[in-house]
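Working notes, beginning with the structure itself.
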Amino acid sequence: MTLNVAVQMDPIARINIRGDSTFALLLEAQQRGHTLSYYTPDQLSLRGNDLVGSVQSLSVRDQPGDHFTLGEAQRKNMRDFDVVLLRQDPPFDLAYITNTHFLERIHPDTLVVNDPASVRNAPEKLFVMDFADLMPPTLISRNLAEINSFRAEHGAVVMKPLHGHGGAAVFRVLPQDMNFGSLFDMFSVTFREPWVIQRFLPEVKHGDKRIILVDGEFAGAVNRVPAEDDLRSNMVRGGAARATDLTEREREICERLGPHLRQRGLLFVGIDVIDGHLTEINVTSPTGIRAIAKLGGPDVAARIWDVIEKKRG
């Protein structure tokens, strides 16, 4: 089976291919003989009932600094593709939301991975609140009285933007932190939406586990250990990748989430677990599959394409 595949992503020239999950998916697709095309989100247009895109043929190589070749731009009806990989990084803003409305018009006749309506309706730090009993105590608010009440109850907390990603603007706030007032003012000015306040989990020093689920089933995991002088374990922020297995608690979390992910058409999902507590469900552009493979774990990219091919078969 040969599929005609388009990938919607941020500029391919800027990615770090050693850690980029999208690139792993493209390499696997090419190896299987699928035809690849590339476009950035701004190249989509809705003309009447037709979703059209300015796309370029794409070939990829696992060679840093020389990892892709693009053809000439061509105008294509997006319905002519078998699969669209929606692999655009946040910010999850109105441009992103509008783009999901565009892609929803061709899905599922063209299989969009992940389902664009579900991506839109499952923001990563909000969707996870459907499973609050699996999480550390969490508040989503910009109300000072609510935040102070939460801090008084839980002591040290983590504050982070509701629609942030990659560990940006994540702060630990201590019970008597003299910086809190300034931090509150900065968040109030910077972010129009509420933000996340979550009880701090000291065990994060031992790692923040990224677990990949494919069509609702566990497919692989990597433990991300923060640097000694940093709270954040994201690998783009200097976190170190370590091989890992799942605990019984983590398997329970995966089994609990699996049916909900399948129902929503969220085929490729990365969840974050710290000390047995679910903290995020990443549905936009999860990372981790290259790190898992490098550490001797399963080939998650192959698993994803197995599922896509079965759905398109």
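The values are calculated or read from the model by the stated rules, or taken from the named source; none is laboratory data. Since we're looking at a predicted model, the values are computed, not measured. Cβ sites come from the backbone with ideal geometry, for glycine too, and all protein chains shown count toward neighbours. Surface areas here come from the heavy atoms of the whole protein model, side chains and all, with no ligands, DNA or RNA. Shrake-Rupley method; radii C 1.70, N 1.55, O 1.52, S 1.80 Å.
So for Asp82, Asp89, what's the accessible-area order with a 1.4 Å probe, most first? Can you show the working numbers first?
Numbers: Asp82 45, Asp89 65 Å².
Putting Asp82, Asp89 in descending order of accessible area: Asp89, Asp82.
Surface exposure of the chain, expressed per residue as accessible area with a 1.4 Å probe, stands at 46 Å². About its Cα centre, the stretch 200-313 has a charge dipole of approximately 440 debye under the convention of +1 per Lys or Arg Cβ and -1 per Asp or Glu Cβ, with nothing else charged. In whole angstrom, how far apart do the alpha carbon centroids of the stretch 7-85 and the stretch 118-144 sit? One Cα centre to the other: 31 Å.
Normalised by the residues of the stretch 1-87, what does the relative contact order come to in percent, with Cα pairs under 8 Å and at least six apart? It would help to have the intermediate numbers written out before the result.
Values: 150 pairs, mean separation 32.9, N = 87.
Answer for the stretch 1-87 is 38 percent.
Summing Lys and Arg as +1 and Asp and Glu as -1 over all other residues whose Cβ lies under 13 Å from the Cβ of Leu44 gives a net charge of +2. Bridging of Lys125 to lysines at a Cα separation below 17 Å is possible for Lys160, Lys209, once same-chain residues fewer than 8 apart are set aside.
You can think of it this way: the chain between Ala132 and Arg251 has 41.2 nm of extra reach, that is 0.36 nm per residue less the Cα-Cα gap. Spin-label pair Ala73-Arg312: with each label point 7 Å from Cα along the Cα-Cβ axis, the two points sit 2.5 nm from one another.
Its alpha carbons give the stretch 203-311 an Rg and a Dmax of 13.4, 45 Å. If both residues of a DSSP beta bridge must be in the chain, then about 80% of such bridges are antiparallel.
Note on exposure: Met129, Met1 ranked by accessible area (1.4 Å probe, complete protein assembly) read Met1, Met129, with the most exposed listed first.
Counting heavy atoms of the protein chains alone, His163 has an accessible area of about 50 Å² for a 1.4 Å probe. In the chain, a dipole from Cβ-located charges (positive for Lys and Arg, negative for Asp and Glu) runs towards its positive end, and of Gln56, Leu295, Val222 it is Gln56 whose Cα lies farthest in that direction. Once the gyration tensor of the Cα atoms in the chain is diagonalised, the equivalent ellipsoid follows with semi-axes of 34, 22, 18 Å, ordered largest first.
Can you compute the charge dipole magnitude of the stretch 115-238 about its Cα centre, using +1 on each Lys and Arg Cβ and -1 on each Asp and Glu Cβ, nothing else charged? Give it in debye, rounded to the nearest 20.
Details: 14 positive and 16 negative charges, 52 e Å.
Taking the Cα centre of the stretch 115-238 as origin, the dipole is about 240 debye.
Could you order Ile289, Ile15 by accessible surface area, starting with the largest, using a probe radius of 1.4 Å? Could you put the intermediate results ahead of the total?
Values: Ile289 5, Ile15 35 Å².
Highest to lowest solvent-accessible surface, that is Ile15, Ile289.
Once you order the gyration tensor axes a ≥ b ≥ c over the Cα atoms, which shape class does the stretch 115-243 get: rounded for a/c under 1.5, otherwise prolate or oblate by comparing a/b with b/c? Cα axes put the stretch 115-243 in the oblate bin.
For the chain, give the magnitude of the charge dipole about the Cα centre (Cβ charges: +1 Lys/Arg, -1 Asp/Glu; no others), in debye to the nearest 20.
That gives the chain a dipole magnitude of about 360 debye.
Here each label is just a point 7 Å from Cα along the line to Cβ, and for Asp230 and Asn49 those points are 5.0 nm apart. First select every other residue whose beta carbon is under 11 angstrom from the beta carbon of Pro202; then total the charges, Lys and Arg +1, Asp and Glu -1. Taking every Cβ under 11 Å from that of Pro202, the sum is +1.
Our estimate of slack between Asn148 and Asn16, defined as 0.36 nm per intervening residue step minus the Cα-Cα distance, is 43.5 nm. Counting only lysines at least 8 places from Lys76 when in the same chain, those with an alpha carbon closer than 29 Å to its own are Lys310, Lys311. Quickly work out the Met1-to-Ile97 label distance, labels modelled 7 Å from Cα along the C-beta direction, and quote it in nm with one decimal. So the two model labels end up 3.5 nm from each other.
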